[in-house]
Amino acid sequence: MRIVILGSTGSIGTQTLEVVRGLGNIEVAALTAHSNIDLLEQQIAEFRPKVAAVYDEAAALELARRVGPVCEVLSGPDGIVAVAENGDGLVVNALVGSAGVLPTIAAINAGCNIALANKETLVCAGEIIMPLAKAKGVAILPVDSEHSAIFQCLQGNGDNKPHKIYLTASGGPFRGYTLSQLEKVTVEDALRHPNWSMGRKVTIDSATMMNKGLEVIEAGWLFDAAAEEIEVLVHPQSVVHSMVEFADGQIVAQLGPPDMRLPIQYALTYPHRASNTFSRLNFAKSNTLTFETPNFEAFPCLRLAYEAYKAGGMLPNVLNAANEVALEMFLAKKISFLDIAKIIDGTISAYTCEYNGNNAIDIDGILEVEKWARGMALKAVRGKPR
């Protein structure tokens with residue numbers, strides 16, 4: 001089996017390569033990174049891909065100097081797309097943010113199955129991606145632990161459509177916090193996730209619960225579910241990764257330790273399962289499982305995501321673009337934690353009232369609206385007192 005990994009130096013990418021080491025029967029055909037060429041150089045030396053791509057063009061030139069003829073090095077966003085469209089077998093999309101959209105489309109057009117860890121692809125362009133995958137006969141295999149859980153719960157159930165999807169959430173580092181408590185949290189606080197080891201963006205998204213909101217939209221596209229059919233449950237133990245309720249009221253759940261290597265491996269080996277040396281769930285030690293309703297007042301990002309999905313059209317794209325800008329500004333300590341939701345809400349309101357550009361549900365329209373929303377969100381950030 002041959003795979004391409006987009007975003008191989010990030011959290012999901014490095015864990016994917018760890019799974020590949022354990023399986024031992026997978027050829028890594030290509031790797032990509034944003035700018036971490038030190039780690040990418042090590043990965044090239046170990047896995048010997050024929051092609052690599054680096055988003056940062058200066059870093060790509062330096063990598064090419066280092067690896068010489070051992071590996072062809074492409075550069076820029078076009079280089080990432082070129083790697084994807086020349087993929088062979090399975091393309092693992094572990095990119096961060098909306099940058100995952102164009103490479104996914106390229107890989108699907110090339111007839112490659114997609115192991116999707118980039119939820120923004122479906123948030124921004126689900127209306128394009130899912131029909132295209134169906135037309136090309138391409139499988140979209142979810143890598144997010146929650147969506148992998150739902151996918152696994154549906155196996156063997158034929159055409160029985162879920163009556164309800166229960167999407168579990170850890171609650172992040174601020175579970176139980178009030179709005180007044182959230183006014184004082186710092187970047188460092190938000191980056192301390194209690195259960196999962198993830199990249200900075202996903203960790204902050206988890207703290208605001210926007211990550212779960214994006215997952216609601218992703219689940220809707222993956223499993224053809226309306227917003228009303230998806231319920232988020234805060235489950236701090238992160239043992240039940242999600243559940244599916246069928247028409248007869250019976251519920252199927254998928255359980256396991258909070259280890260992203262498990263859903264990654266399932267996506268790489270599907271429809272088969274392979275043994276591994278990962279830790280196993282000990283029910284004697286994990287004998288308390290609790291569930292609670294999210295606090296939509298304290299975590300308005302989740303509410304905004306539900307509203308955007310219900311409204312449809314370009315609103316999920318606007319939501320995602322504004323969130324990416326606000327999150328970057330929070331990490332740069334230019335806005336407060338609670339400002340993230342305010343900037344997203346304001347950008348959505350501005351789009352509804354002011355935008356009169358290209359709203360076509362095609363790649364040009366999506367890119368134009370995204371650019372507009374990013375500019376509007378940046379404008380809102382600049383209006384915030386420092």
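The values are calculated or read from the model by the stated rules, or taken from the named source; none is laboratory data. Predicted, not measured: the structure shown is a model, and the values here were computed from it. Quick reminder, even Gly has a Cβ in these numbers, built from the backbone with ideal geometry, and neighbours come from all protein chains shown. To get the accessible areas, we keep the full protein, side chains included, count just its heavy atoms, and leave off ligands, DNA and RNA. Shrake-Rupley method; radii C 1.70, N 1.55, O 1.52, S 1.80 Å.
The set of residues from region 61-77 being open to solvent by less than 60 Å² (accessible area, probe 1.4 Å) and within 25 Å of the chain's Cα centre (by Cα) comprises 74, 75, 76.
For region 145-160, a tally of residues being modelled with pLDDT under 95 and aromatic (Phe, Trp, Tyr) returns 0. Elements of the type strands (runs of 3 or more DSSP E) sitting completely within region 1-78 and holding at least 2 residues that are over 17 Å from residue 94 (Cα atoms): these cover 72-75. Of the residues making up region 352-367, just one is open to solvent by less than 60 Å² (accessible area, probe 1.4 Å) and over 26 Å from residue 131 (Cα atoms), namely 355.
Among residues belonging to region 136-146 that are touching a helix residue (DSSP H, G or I) at 6+ places or on another chain (Cβ under 9 Å) and farther than 26 Å from residue 251 by Cα, point out the one that is least open to solvent (accessible area, probe 1.4 Å). The residue in question is 138. For residue 119, the criteria (1) surrounded by 22 or more Cβ atoms within 10 Å (Cβ to Cβ); (2) among the charged types (D, E, K, R); (3) out of contact with any Leu (no Cβ under 6 Å at 6 or more places or on another chain) hold in every case but one, which is (3). Just to be sure before I move on: is residue 278 out of contact with any Cys (no Cβ under 9 Å at 6 or more places or on another chain) and closer than 19 Å to residue 211 by Cβ in the structure I sent? Answer is no for this residue.
The condition of being surrounded by fewer than 19 Cβ atoms within 10 Å (Cβ to Cβ), farther than 30 Å from residue 27 by Cβ and at pLDDT below 95 holds for residue 283. Taking the criterion of being modelled with pLDDT of 95 or more, under 20 Å from the mean Cα position of the chain (by Cα) and either more than 25 Å from residue 251 (Cα to Cα) or of a type in the set (Val, Ile, Thr) (or both), would at least one residue in region 161-177 satisfy it? Scanning region 161-177, I find at least one residue that is modelled with pLDDT of 95 or more, under 20 Å from the mean Cα position of the chain (by Cα) and either more than 25 Å from residue 251 (Cα to Cα) or of a type in the set (Val, Ile, Thr) (or both), so the answer is yes.
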